[in-house]
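Q: Please read through the structure below; I'll follow up with questions.
The values are calculated or read from the model by the stated rules, or taken from the named source; none is laboratory data. None of these values were measured; they are calculated from a predicted model. Reconstructed Cβ throughout: ideal geometry from the backbone, glycine too, with neighbour counts over all protein chains shown. These accessible areas exclude ligands, DNA and RNA; they are computed on the full protein's heavy atoms, side chains included. Shrake-Rupley method; radii C 1.70, N 1.55, O 1.52, S 1.80 Å.
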Amino acid sequence: MKGGEFSELNPDADGVRPEPCLETRNLSLRYAGNRRALNKVRLTIPRQRVTALIGPSGCGKTSLLRCFNRLNDLVDDCVITGRVRLEGKNIYAAKVDVTELRRRVGMVFQKPNPFPKSIYENVAFGLRIRGIKSRRRLDEIVQESLSAAALWDEVKGRLHKSALELSGGQQQRLVIARTLAVAPEVLLLDESASALDPISTLKIEELISELKKNYTIVIVTHNLQQAARVADYTAFMDMGEMVEFDTTARIFTNPVKRRTEEYITGRYG
Amino acid sequence: MKRSLANWLDSGAPWVWINAGAATLCLAMVFGLLLLLGVKGLGHFWPQPVLQATYTGAEPPASIIGEVAASETIDADDLYPATPGEEQGEIERQLLKLGNRDITGGDFAWVLTGLLEDVSYPPELAVIERREWGNLYGYLNGLRQAGAAVLPVGAQDGTGEARWNELHSRLDRARDLRREIERIERSIIADINFGMERLRLEERQLVLAGGDSAGALRENARQRESFDAQYAEIRLRLLELNRQIQRDTALFRIADGSTVEIPIADIVRAHRPNGMDWVESTRVYFARLIEFLSGNPREANTEGGLLPALYGTAMMVMLMSVIVTPLGVVAGVYLSEYAPRGWLTRIIRVSVNNLAGVPSIVYGMFGLGFFIYLAGGEIDRLFYAESLPAPTFGTPGLLWASLTLALLTLPVVIVATEEGLGNVPASLREASLALGATQFETLWRVVLPLARPSMLTGLILAVARAAGEVAPLMLVGVVKLAPSLPLDTQFPYLHPEQQFMHLGYHVFDLATQSPNVEAAMPQAFATAFLLVAVVTALNLSAVVLRGRLRERYRAMDTGAWA
Ligand SMILES: Nc1ncnc2c1ncn2[C@@H]1O[C@H](COP(=O)(O)OP(=O)(O)OP(=O)(O)O)[C@@H](O)[C@H]1O
Ligand SMILES: [Mg+2]
């Protein structure tokens, strides 16, 4: 275990101390016009666990996720300071291959954003980018990913129809499938179950529990029950600051900070 | 009362009315324009009845034959000096197309309708469209073959019909002979000329190069002899054909009672409109329309077809599209995707936008100065030294016109491309990048396909603009009458250095440069109608495309929030 600046994680419910996967230290982010979205965030995301990010709207959850795959690089005049490490390597170092990083850290966006292509091509997109041409292999992975995202049964008859014809919830599962298809190491899910019915939500939650055997997962959610159900660890953010981070059980039963307690008991405001 | 007015204002209804009114006005103007051009231009191909009358306004009263081309009501004071205290009222007058320009000097005349007497429309009155001198109006009076009468002269009932049919069969013969002559002139003689010119250039090259060239020159001389022999043979054949085609003549009795004899070879079409039912009229109409669209111009462009102009316009627009599309799209992509966001990029963008507002004649001047004199002159010095001082590329031509118009329409394509790229939602770019695509892969696989309709819109607008442009073309390659088409069967098939004809310039020429204004007017309207139709069709397709593009994005939006 690493000591010093990068401190250890608390043991999880089973008493096992997980390895760190993503670590941030002193991470601050300012958008154009000096709007501070993150303020000295210190967070350690455990490997092969599910970490939930909760907090009021506008507190910086999405901004933080976008630091993990360097999508904020695209935003004009966005200044990031501090450190982010993936498996111990600084991802903001000069020689880092950003596309390679984004392949390892997959992200599902808050708003479903399918390409205006067919359902099949949406899922196959990342594979084609990676140079996979074999029709058999593409078919195989597309089916696997759609099944994993609990969408296969609904679309198997119309794989070559436009993805824009799907309902909002179906689109949300489609973009999950699209990200799963490229098999990243880390999966960032930004409110990916917000537009789903209870059954699909359940399926996605099952999927998340299934995936954590191999993936490191970070989910953003406004649904506290959901966080309690699926997350091993929970981080509570407020106004760009990391207020409290601990195992989900502790956050929900015995939070240290008053702000956390107010938020999870619904007295926040 | 007051309240309800205020309510009405608040409801926004006045705005809707104003908007709808403005839109209606625009539509009415466009359709009105098309209607005017269509009626004036396309109506002119319909065979008009021909009247025969006695005009008592002349001294002595004259017998006249002609078509009514226009009629108007004018103030009598304009014609006769006003007598004080007397109201002269208005009179109607008509513009008659009398034809027979070769005999009477002028082919149009204004007559006062009231002074026309014994107006009749005899069914056997014939309209003869000729290759030269315009229409001839008269009665078919006889046919001659090599000077000898074919059928008895003198209009007897029964023989008149037979004579008319005989005229048509001889017309068909003349038409076949003419085809043969044109074929020989176009292919065989052109081949010989082309070969001779090649020999001449080769010789000049040899002389310019210096050194021992006696052998090559001897070989050239031998080839030239063979060309000369071929040419002499062809010339004999042509002479024979020309003699044959001149064999037949037709006699017509015209308005003043005299008889004129014209070679049948000079007749393009002969018909008797007064006796025709609508089926026959329709046949004549379409024959004329087809000639208009696919024939060569006659009579200083006032008659015949405008195929060369249509063809030249199409060739130029195509060549221009080939040049402007890659250039504009690549520049647009760079400006919107890769150029660093700074003051320099901003200046470039503003300049590009302003280029669209530079008067087109300025582009013409630039094309003349830069492309033709500088670039063309340099090309001639380097590659066509043997034909100097006659310029090859250093003279206005198709290539330079296309380049000039490509420059002119470049801003349109760049702006449309940038707009299309800018309209692609950022969320889609992020989706692609988050899946590990590079910026180029994102551009190629996601952004460009989405921006394609808008680039296409830009191109179509550019094409529409280029098709309708005249001023710069007058400086860089358009002519009133081009001797040959820029694309033909002579190697290398496409002749980008040749001058060409253009619809827009054709209209200008007909409307303002024609010596015979009345005769040119219908043709000018028809050409203008064709030009407007082409440009309108292109613009409409741009509108439809843009609509589709918008729909695509709308579908994406509602999809995201369903
Ligand atoms: N591209 C941007 N430019 C400027 N400001 C931004 C940008 N994106 C986010 N912000 C601001 O940063 C702050 C944090 O935004 P962020 O999207 O991270 O919130 P969030 O926690 O994801 O909220 P929500 O739960 O509503 O999704 C907000 O105040 C927002 O206005
Ligand atoms: Mg968010």
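Q: Would you check which residues across region B:415-438 are away from chain A (no Cβ under 11 Å) and open to solvent by 10 Å² or more (accessible area, probe 1.4 Å) and list them?
A: B:V415, B:A416, B:E418, B:E419, B:G422, B:N423
Q: Could you please give the count of residues in region B:287-309 that are farther than 23 Å from B:R101 by Cα and among the β-branched types (V, I, T)?
A: Residues that pass the stated criteria total 1.
Q: Which one of these does B:D107 not meet: (1) under 21 Å from B:V517 (Cβ atoms); (2) out of contact with any Lys or Arg (no Cβ under 6 Å at 6 or more places or on another chain); (3) surrounded by 15 or more Cβ atoms within 10 Å (Cβ to Cβ)?
A: Going through (1) under 21 Å from B:V517 (Cβ atoms); (2) out of contact with any Lys or Arg (no Cβ under 6 Å at 6 or more places or on another chain); (3) surrounded by 15 or more Cβ atoms within 10 Å (Cβ to Cβ) one by one, B:D107 breaks only (2).
Q: Name the strands (runs of 3 or more DSSP E) wholly within region A:1-112 that hold at least 1 residues that are away from ligand 1 (no atom under 11 Å from the Cβ) and within 13 Å of the chain's Cα centre (by Cα)?
A: Because the criterion is at least 1 residues that are away from ligand 1 (no atom under 11 Å from the Cβ) and within 13 Å of the chain's Cα centre (by Cα), the strands (runs of 3 or more DSSP E) in region A:1-112 that meet it are A:20-31, A:35-46, A:50-54, A:105-108.
Q: Sort out which residues of region A:81-98 are more than 19 Å from A:P46 (Cα to Cα) and in contact with a Leu (Cβ under 8 Å, 6 or more places away or on another chain), and write them in order of number.
A: A:T81, A:G82
Q: Next up: Which one is farthest from B:T404 (Cα to Cα), of the residues in region B:268-309 that are open to solvent by less than 20 Å² (accessible area, probe 1.4 Å) and not in a helix (DSSP H, G or I)?
A: Across region B:268-309, the extreme among qualifying residues is B:H271.
Q: Kindly establish whether B:R198 is surrounded by 11 or more Cβ atoms within 10 Å (Cβ to Cβ), without any contact (Cβ under 8 Å) to a residue 40 or more places away in the chain, under 34 Å from the mean Cα position of the chain (by Cα) and more than 27 Å from B:P389 (Cβ to Cβ).
A: No; evaluated as a whole, the condition is false for this residue.
Q: Next up: Do you know which residues across region B:385-424 are in a helix (DSSP H, G or I) and modelled with pLDDT under 85?
A: Answer for region B:385-424, where residues must be in a helix (DSSP H, G or I) and modelled with pLDDT under 85: B:A385, B:E386, B:S387.
Q: Give me a count of the residues in region A:61-101 that are more than 16 Å from ligand 2 (Cβ to nearest atom), at negative phi and more than 8 Å from every other protein chain (Cβ to nearest Cβ).
A: Total satisfying the criteria: 19.
Q: Does region A:251-263 contain at least one residue that is within 13 Å of ligand 1 (Cβ to nearest atom), outside any strand (DSSP E or B) and crowded, with 20+ Cβ neighbours inside 10 Å?
A: Yes, there is a match, as at least one residue in region A:251-263 is within 13 Å of ligand 1 (Cβ to nearest atom), outside any strand (DSSP E or B) and crowded, with 20+ Cβ neighbours inside 10 Å.
Q: Looking only at residues that are open to solvent by less than 50 Å² (accessible area, probe 1.4 Å) and over 16 Å from B:L428 (Cβ atoms) in region A:102-116, which one is farthest from the other protein chains (Cβ to nearest Cβ)?
A: That would be A:V105.
Q: Which one of A:E154, A:E140, A:E165 is of a type in the set (D, E) and within 14 Å of another protein chain (Cβ to nearest Cβ)?
A: Answer to the selection: A:E165.
Q: A further question follows. For A:L29, indicate whether it is within 16 Å of ligand 2 (Cβ to nearest atom), buried (at least 20 other Cβ atoms within 10 Å of the Cβ) and either farther than 23 Å from A:T99 by Cα or within 14 Å of another protein chain (Cβ to nearest Cβ) (or both).
A: no
Q: Could you check how many residues of region A:239-250 are in a strand (DSSP E or B) and within 14 Å of ligand 1 (Cβ to nearest atom)?
A: Total meeting the criteria: 3.
Q: Another question, then. Scan region B:297-306 residue by residue and report those that are within 18 Å of B:I267 (Cβ to Cβ) and over 10 Å from the mean Cα position of the chain (by Cα).
A: B:R298, B:E299, B:T302, B:E303, B:G304
Q: Now a separate question. Go through (1) within 16 Å of ligand 2 (Cβ to nearest atom); (2) in contact (Cβ under 8 Å) with a residue 60 or more places away in the chain and name the single condition A:R104 misses.
A: (1)
Q: Within region B:201-219, count every residue that is open to solvent by less than 60 Å² (accessible area, probe 1.4 Å) and in a helix (DSSP H, G or I).
A: 6
Q: Is there a residue being at pLDDT 90 or above, of a type outside the set (K, R), open to solvent by 60 Å² or more (accessible area, probe 1.4 Å) and more than 16 Å from ligand 2 (Cβ to nearest atom) anywhere in region A:207-223?
A: Scanning region A:207-223 turns up no residue that is at pLDDT 90 or above, of a type outside the set (K, R), open to solvent by 60 Å² or more (accessible area, probe 1.4 Å) and more than 16 Å from ligand 2 (Cβ to nearest atom).
Q: Scanning for something open to solvent by 40 Å² or more (accessible area, probe 1.4 Å) and more than 12 Å from chain A (Cβ to nearest Cβ), does region B:439-450 turn up at least one residue?
A: No, there is no match, as no residue in region B:439-450 is open to solvent by 40 Å² or more (accessible area, probe 1.4 Å) and more than 12 Å from chain A (Cβ to nearest Cβ).
Q: Oh, and also: Could you tell me whether any residue of region A:195-217 is away from every other protein chain (no Cβ under 12 Å), more than 21 Å from A:Q48 (Cα to Cα) and acidic (D, E)?
A: Yes, region A:195-217 contains at least one residue that is away from every other protein chain (no Cβ under 12 Å), more than 21 Å from A:Q48 (Cα to Cα) and acidic (D, E).
Q: List pairs: first in region A:117-129 and open to solvent by less than 20 Å² (accessible area, probe 1.4 Å), second among the hydroxyl-bearing types (S, T, Y), Cβ under 6 Å, 6+ apart or cross-chain?
A: A:V123/A:S145
Q: Looking at this structure, is B:R178 in a helix (DSSP H, G or I), within 24 Å of B:L485 (Cβ to Cβ) and either open to solvent by 40 Å² or more (accessible area, probe 1.4 Å) or β-branched (V, I, T) (or both)?
A: Yes; evaluated as a whole, the condition is true for this residue.
Q: Find the helices (runs of 4 or more DSSP H) located wholly in region B:310-384 whose residues include 2 or more that are open to solvent by less than 60 Å² (accessible area, probe 1.4 Å), without any contact (Cβ under 8 Å) to a residue 60 or more places away in the chain and farther than 13 Å from B:L405 by Cβ, and list them.
A: Filter on region B:310-384 gives B:343-355, B:377-383.
Q: Among the listed residues A:E165, A:E185, A:E191, which satisfies the condition of being away from ligand 2 (no atom under 16 Å from the Cβ) and either over 17 Å from A:I217 (Cβ atoms) or at pLDDT below 90 (or both)?
A: A:E165
Q: Ok, one more. Collect the residues in region B:220-255 that are among the aliphatic types (A, V, I, L, M), in a helix (DSSP H, G or I) and in contact with an Asp or Glu (Cβ under 7 Å, 6 or more places away or on another chain), keeping them in residue-number order.
A: Scanning region B:220-255 gives a single hit, B:L241.
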